[in-house]
Amino acid sequence: MKKFFIVFWLVSSVLYLWSHGGSHEEGQEEKTTSSADHSSHDKDAPKSSIPIVAEELARVGIEERIGDFINGDLSFYNSLGEKVFLKDLIQDKPVVLTFAYYSCPLFCQYVLQAEEKALSELALTMGSDYDAITISFDERDGQKVTSEIKEKYVNNHTKEHWSFLYGDSENIKEITDSMGFQFKWIPENQEFAHSAAIFVVTPKGKISRYFYGLNYDPFELKLALLEAKEEKTRSAVEKIILYCYRYDHNSRGYVVHAQNVMKLGGVATIIIMGGFLVLMFKREKRGYYNEKKGEAR
């Protein structure tokens, strides 16, 4: 039995040293991710054929409001022309929220296509794990164009859980301001200048995460939705996933939490080694009694 305890002690010592070195690796990781070029998020964005002056673009962008709550009493109209309130659409599940204008010639289509692609690859189910809402920020959009754009991006399974909305200028301004989403009408181009992004909102209407550009990572989006469910219960598997990953504000993404991974690895190894030692002890004890019985005969 001594040799097994020696092996156990050696493995435990190595894991202890490894886990204490994890904080250094984590620091290096943070340094790497924080130095990422955030402008790369928009490198795939289509460029308009008509140049937009810099001072107009200065008023376009996104100011993150993570932790703020949106007003659930704001009202819009759905693709059927029915009046709906945000509080009725955001209830018991996290929501992926998007802004677009439905007459957009190109850019908004890229945003919605990127969102549709990410949601289709998401290891979660729309309707049971989360819902989706797209709101037009063009007050000129009405029921007809809203219905047409919805038919383009939803299927039979998602159409009940992905709402496409339109509304008046007052409600549009309040919801976009609360999300920090800034846009500008450019008369020279006859189109809106705006950023490409999708947002995650918790079941209580709290702004949780921002995703930028035209390529949304399904795994990071899944982590954001699981994190948004913190107002509700989470399964043991979901808790383990969130324990191993954390959101990094500098890189605007989820990174491996090295120290927590080391801790889980250490615990798992100790459990495995402990079980192995117990098994060996029982076998040795059984052999000892069998040997005694043989001597008695």
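Of note:
- Subset of segment 168-193 [touching a strand residue (DSSP E or B) at 6+ places or on another chain (Cβ under 7 Å) and on the phi < 0 side of the Ramachandran plot]: 171, 175, 176, 179, 181, 182, 183, 184, 185, 186, 192, 193
- Being modelled with pLDDT of 95 or more and either among the charged types (D, E, K, R) or out of contact with any Ser or Thr (no Cβ under 8 Å at 6 or more places or on another chain) (or both) is a property that does not hold for residue 89.
- Filtered by the rule that a residue be surrounded by fewer than 13 Cβ atoms within 10 Å (Cβ to Cβ), under 25 Å from the mean Cα position of the chain (by Cα) and closer than 23 Å to residue 128 by Cα, segment 55-90 gives a lone residue, 88.
- Count of segment 150-181 residues which are surrounded by 17 or more Cβ atoms within 10 Å (Cβ to Cβ), more than 21 Å from the chain's Cα centre (by Cα) and touching a residue at least 60 places away in the same chain (Cβ under 8 Å): 5
- Among the criteria (1) modelled with pLDDT of 95 or more; (2) among the charged types (D, E, K, R); (3) in a helix (DSSP H, G or I), the one residue 152 does not fulfil is (1).
- Residue in segment 169-199 that is nearest to residue 139 (Cα to Cα), counting only those that are among the small types (Gly, Ala, Ser) and in contact with a Lys or Arg (Cβ under 8 Å, 6 or more places away or on another chain): 193
- Filter pass, residue 197 being within 9 Å of the chain's Cα centre (by Cα), closer than 18 Å to residue 115 by Cα and crowded, with 17+ Cβ neighbours inside 10 Å: no
- Only helices (runs of 4 or more DSSP H) whose full extent lies in segment 162-270 are considered here, and the ones with at least 2 residues that are among the charged types (D, E, K, R) and at pLDDT below 95 are 218-228, 236-244.
Residues are listed down the side, and each one gets a yes or a no for (1) part of a loop (DSSP other than H, G, I, E, B); (2) touching a Pro at 6+ places or on another chain (Cβ under 8 Å); (3) among the β-branched types (Val, Ile, Thr); (4) without any contact (Cβ under 8 Å) to a residue 60 or more places away in the chain:
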| residue | (1), (2), (3), (4) |
| --- | --- |
| 59 | yes, no, no, no |
| 71 | yes, no, no, no |
| 98 | no, no, yes, no |
| 132 | no, no, no, yes |
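- Number of residues in segment 90-113 that are under 30 Å from residue 187 (Cβ atoms), out of contact with any strand residue (DSSP E or B) (no Cβ under 8 Å at 6 or more places or on another chain) and not aromatic (Phe, Trp, Tyr): the value is 4.
The values are calculated or read from the model by the stated rules, or taken from the named source; none is laboratory data. Just so it is clear, the model here is predicted, and its values are computed rather than measured. Cβ sites come from the backbone with ideal geometry, for glycine too, and all protein chains shown count toward neighbours.
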